2 protein chains.
Amino acid sequence: MSNHAHHHGHSHSHTEEHNKFSYMIRDAVIGLSDGLTVPFALAAGLSGATDSTAIIVTAGIAEIAAGAIAMGLGGYMAARTEVDQYHSERKREMLEIENVPHIEEKEVTDILEAYGVPHDHALLVTAALKKDPERWVDFMMRFELGLEKPNPSELLHTPLTIGLSYVIGGLIPLLPYILYDSAQSALPISVVTTLLALAIFGALKGAFTGIDRIKSALQTTLIGGLAASVAYAVAKMLG
Amino acid sequence: MSNHAHHHGHSHSHTEEHNKFSYMIRDAVIGLSDGLTVPFALAAGLSGATDSTAIIVTAGIAEIAAGAIAMGLGGYMAARTEVDQYHSERKREMLEIENVPHIEEKEVTDILEAYGVPHDHALLVTAALKKDPERWVDFMMRFELGLEKPNPSELLHTPLTIGLSYVIGGLIPLLPYILYDSAQSALPISVVTTLLALAIFGALKGAFTGIDRIKSALQTTLIGGLAASVAYAVAKMLG
């Protein structure tokens, strides 16, 4: 039960801590999975076209900067849109309750009757909701529209966590190119290090999301490896 | 009302078409926003370090290939995880209903009482749910856990839409570098073309998500422009 404790609302502060942690994990997973994959594949790809690590490091760091900003601000926009949409839907739902209460009442009974609740009993629930429009709106948001109240502190945390994770993930495959002069020497070290990092990341991700760790490790490693192989082949063809 | 018609279930086939279209828009937005931003910023960044369009085109195409695969397969994994988690949560919820029905009954009454439904009336709903365990589980999935039944056809559509949108988005900023020999000639054309594409994309995205179009256009243009400027500055410093 513990990993859906936040739906019960028994302990509010525990709930919020739990949510914050889940969001942070989710954001770190988004940043790391792309950070470990795309700069890795780009550097491997460029190794197929040039032996100069200088140009690979420049391209890699430019990609990391661009990717971290694009993904971080993209995460901010997604969180922002979620907050805005929640409030605009809530406003509309409130107007509907005020202007066409009979339609909204029917929506409540329809929802409950779909689960086998008899019409007369569903009407009792409607009667209770009608006493408090604020709670009625909250009920419609959750049970009609399936929308959870978004947490505004995510607007700051989400872009920072995604951006930072992308930078950390992206520096791992790039490090061998920074340390070596020849791309042909750096490439195998980058491949081994990054595939290992992808496997560890996949296993940890599996542990947090409740997916089998070995399966999850294989998936992340395969995606990274496939992206890098295709990038290498494409660049070799062009370079 | 029409843009949350899929929550009412009046017309099943209309609902499914509507959902498919929303998913496609969401996936195209994910692919296009990163595709228009990251390869654009990378090409701009490399223009700060080299005048050879050959290396920029190679890096750009390697990035597009890597990004499309990483994002497409990432989208597949996310959809896969959603399907798996839904089924494993449903199985657990069914076990809880079979083994600790009194706890689950209390969860139903707690949910309804939180919206002001009197205990006695909440018990009537519980009594109705108890008659059909399948519907009871569906009720808990939706109203306790807030989970929607995922659509398995997304497993194929999501990666294809994201990947293809990333490729289309990424080729727009790269085209001037393919057509010109000098990066210094290609850069300003790429900047103008891509910022325009970002503005159009932002306005369309705003129209689909119900956000103000001008605000949305400014946001996407700003993110792309910022990412490209930072990548340019970083590459100039290193190159």
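Observations on the structure shown:
Residue-by-condition table, conditions (1) among the β-branched types (Val, Ile, Thr); (2) at the interface with chain B (Cβ under 9 Å from one of its Cβ atoms):
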site	(1), (2)
A:Thr126	yes, no
A:Lys131	no, yes
A:Trp136	no, yes
A:Lys149	no, no
A:Ser153	no, no
A:Thr161	yes, no
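- Selection status of B:Lys236, among the charged types (D, E, K, R) and more than 19 Å from the chain's Cα centre (by Cα): yes
- Picking from residues in the range A:77-103 that are modelled with pLDDT of 90 or more and of a type in the set (Asp, Glu), the one that is nearest to B:Leu222 (Cα to Cα) is A:Glu93.
- Yes/no for B:Thr221 being within 14 Å of another protein chain (Cβ to nearest Cβ), free of Cβ contacts under 8 Å to residues at least 40 places away in the same chain, under 16 Å from B:Asp34 (Cβ atoms) and hydroxyl-bearing (Ser, Thr, Tyr): yes
- Residues that are crowded, with 24+ Cβ neighbours inside 10 Å and more than 7 Å from every other protein chain (Cβ to nearest Cβ), drawn from the range A:45-56: A:Ser47, A:Thr53, A:Ile56
- Within the range A:209-239, the set of residues being among the hydroxyl-bearing types (Ser, Thr, Tyr) and open to solvent by 30 Å² or more (accessible area, probe 1.4 Å) comprises A:Thr209, A:Thr221, A:Ser229, A:Tyr232.
- Residue identified as of a type in the set (A, V, I, L, M), more than 7 Å from chain A (Cβ to nearest Cβ) and either open to solvent by 30 Å² or more (accessible area, probe 1.4 Å) or under 23 Å from the mean Cα position of the chain (by Cα) (or both) among B:Leu95, B:Leu73, B:Leu42: B:Leu95
- Of everything in the range A:181-208 that is in contact (Cβ under 8 Å) with a residue 60 or more places away in the chain and of a type in the set (S, T, N, Q), the residue that is most open to solvent (accessible area, probe 1.4 Å) is A:Gln184.
The values are calculated or read from the model by the stated rules, or taken from the named source; none is laboratory data. What you are looking at is a predicted structure, and each value in this text was computed from that prediction instead of being measured. Heads up, the Cβs are rebuilt from the backbone with ideal geometry, glycines too, and the neighbour counts pull from every protein chain shown. Ligands, DNA and RNA are stripped out before the accessible areas are found, and what is left, the full protein with its side chains, is counted by its heavy atoms. Shrake-Rupley method; radii C 1.70, N 1.55, O 1.52, S 1.80 Å.
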